[in-house]
Amino acid sequence: LEMQIRDEERLPHGPNAYVIDRSGSMGTQSADGIPNIDLAKEAIIRSMDFLQPTDRAAVASFDMAAYWIANFQDVLDRRELQRLVATLRASGGTSIMAGMQLVAEDIVNEESDVKHIILLTDGGAEPAGLVNLTRRLNEENGVTTSVISISGFQAQFLQDMADAGQGNYHSVTDATSIPQIFTLE
């Protein structure tokens, strides 16, 4: 049995934007004693192994403000992207809106029919405007958004964001499953 796709031109090569919560609460350790931020970094690093040089990716992080770890770029130097992700450290408050707005400004300018945001957060943030922003990105620019809620934090607005962005919602109680979820996304 062979699972290799031979016709690479038929694969969608749209931009993937990782939006990662780096707030102080992401320093909380999972049941295995691993800080949630380290699981998030590992998840991104592993999922980048599946990206092709013809793909585009970006990584943004947020606490109360948003920061580019890597702007949108062709995945030509995967190891450098992975190295940059490894620099993330947990600190500060939480503003999901800051992270989503930063990515929204650039992803809409990407030339592709397939654009995807993966948001990973422990969810302790002000929800005002997030569902509307996600819906607008989807309806006006075809951007899908999936949400991974870490530590089993249940917030309806995170599910609503995934629904508005026509993406998937994952509520993770076993943080060690995050790398596998990122790979699926």
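Below are the figures for this structure:
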read-out: Only one of ARG46, ARG79 that is of a type in the set (Lys, Arg) and surrounded by fewer than 14 Cβ atoms within 10 Å (Cβ to Cβ); value: ARG79
read-out: Filtered residue count, region 69-95, keeping only those that are acidic (Asp, Glu) and in a loop (DSSP other than H, G, I, E, B); value: 1
read-out: Count of residues meeting criterion [of a type outside the set (Ser, Thr, Tyr) and in a helix (DSSP H, G or I)] in region 117-169; value: 22
read-out: Region 156-178, residues that are buried (at least 16 other Cβ atoms within 10 Å of the Cβ), closer than 16 Å to THR28 by Cβ and either out of contact with any helix residue (DSSP H, G or I) (no Cβ under 7 Å at 6 or more places or on another chain) or modelled with pLDDT under 75 (or both); value: ALA175, ILE178
read-out: Where a residue in region 126-147 is at negative phi and open to solvent by 10 Å² or more (accessible area, probe 1.4 Å) and its partner, wherever it lies, is of a type outside the set (Val, Ile, Thr) and assigned to a helix (DSSP H, G or I), with Cβ under 6 Å and at least six apart; value: PRO127/PHE157; VAL131/ASP160; VAL131/MET161; VAL131/ALA164; LEU133/MET100; ARG135/ALA164
read-out: Matching residues, region 59-76, being exposed (fewer than 15 other Cβ atoms within 10 Å of the Cβ) and either among the charged types (D, E, K, R) or under 15 Å from ASP38 (Cα atoms) (or both); value: ASP74
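The values are calculated or read from the model by the stated rules, or taken from the named source; none is laboratory data. On a predicted model such as this, the values are computed, not experimentally measured, just so you know. Glycine gets a Cβ as well: all are built from the backbone with ideal geometry, and neighbour counts include every protein chain shown. These accessible areas exclude ligands, DNA and RNA; they are computed on the full protein's heavy atoms, side chains included. Shrake-Rupley method; radii C 1.70, N 1.55, O 1.52, S 1.80 Å.
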